[in-house]
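Inspection log for the structure reproduced underneath, given as structure tokens.
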Amino acid sequence: MEINRLSDVLGAEVLGVDVANVDNDTVAVLRQALLDNLILVFRNQTITPEEHIRFSEHFGELEIHIATDHLLEGYPKIIIVSNKQVDGRFIGAVSAGDHWHSDLSCKAKPSLGSLLYALELPEKGGDTEFCNQYRAYETLPKSTKSRIQNFRGIHTFNRMRNPRVEVPREHISDAKMRYEDRAPDDAIHPIVRTHPENQRKLLYVSQRFTIGIEGLPDKEAQPLLDELFSHQLKRDLIYRHVWQPRDIIFWDNRCTTHFACRNFSSGQIRHMHRTTIAGDIPN
């Protein structure tokens, strides 16, 4: 096995590993590599849904995504992330990743990590950007760090309650069912989170899910959130991944946010499968 850094910000490429056949020693090395690099990229993997699930389960229990209408038939632990249509209907979560987020921070127990497998890609574009939230916190002004230290953010799945995002065009007709009726209760998480495995502090907010700050009126909370979101977009905090066919990316949702770039032509297909590892309550 060979592990090579992809950038100074975060990310490593793992060579010499067939994810369909890993032993306990390999899993232990990969666990540490994820902690060290925040995301891991495995190239040229040819796996079945069963193998995708089995590899993912080496790192924790898998959870079934909220968007139950986009689960892979026969494999509810896999969500389809895709703009592909069958009989005029999108078969996957076409809007997934359209705003910066950490997966399922809208739940009381957000995701530990996700593993996304690229099955079909546009000829050009469809990249994914990842932000290092350790570095985002560490590079905040000292006064901002002090101000947010004990604040807790309000996270919601409901797009209709978040003025920073929009309801995708393809879901306007069923928006209430999709974003309100099946949304979990709002989750309240520390804005400065401590990673449970290495005790490092990080910034834990996102444009997609964080809509307020507990106990703070909106006239104060919203400008502060805008300041934090703007800080997270600084390019020296971000790694941009250009996908290759059959890439698998494994990222740590506890210390990264990500964004799916829509930089590809209309009619091009971006079709992927994702597993999601259950996490714990942020502290």
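Data table
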read-out: Residue count, the range 174-226 (criterion: in contact (Cβ under 8 Å) with a residue 40 or more places away in the chain, surrounded by 13 or more Cβ atoms within 10 Å (Cβ to Cβ) and farther than 29 Å from residue 93 by Cα); value: 9
read-out: Extreme residue, nearest to residue 117 (Cα to Cα), among residues of the range 227-255 that are in contact with a Cys (Cβ under 9 Å, 6 or more places away or on another chain) and buried (at least 18 other Cβ atoms within 10 Å of the Cβ); value: 239
read-out: Cβ-Cβ under 6 Å pairs, at least 6 apart or on other chains, the range 246-266 side without any contact (Cβ under 8 Å) to a residue 12 or more places away in the chain and farther than 14 Å from residue 101 by Cβ, far side surrounded by fewer than 24 Cβ atoms within 10 Å (Cβ to Cβ) and among the β-branched types (Val, Ile, Thr); value: none
read-out: Odd one out for residue 264 among (1) loosely packed, with under 14 Cβ neighbours inside 10 Å; (2) assigned to a loop (DSSP other than H, G, I, E, B); value: (1)
read-out: Residue list for the range 130-162, filter: within 25 Å of residue 238 (Cβ to Cβ), in a loop (DSSP other than H, G, I, E, B) and either in contact with a helix residue (DSSP H, G or I) (Cβ under 8 Å, 6 or more places away or on another chain) or touching a residue at least 24 places away in the same chain (Cβ under 8 Å) (or both); value: 139, 140, 149, 151, 156, 157, 162
read-out: Scope the range 227-245; condition closer than 24 Å to residue 5 by Cβ, hydroxyl-bearing (Ser, Thr, Tyr) and without any contact (Cβ under 8 Å) to a residue 24 or more places away in the chain; matching residues; value: none
read-out: Count of residues meeting criterion [in a loop (DSSP other than H, G, I, E, B) and modelled with pLDDT of 95 or more] in the range 111-124; value: 2
read-out: Among the residues listed as 158, 150, the single one being of a type in the set (S, T, N, Q) and closer than 14 Å to residue 213 by Cα; value: 150
read-out: Those residues of the range 46-89 which are among the polar types (S, T, N, Q), closer than 20 Å to residue 20 by Cβ and buried (at least 19 other Cβ atoms within 10 Å of the Cβ), in sequence order; value: 56
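The values are calculated or read from the model by the stated rules, or taken from the named source; none is laboratory data. A quick note: this is a predicted structure, and the numbers were derived from the prediction, not measured. Here Cβ is always computed from backbone atoms with ideal geometry, including for glycine, and neighbour counts include all displayed protein chains.
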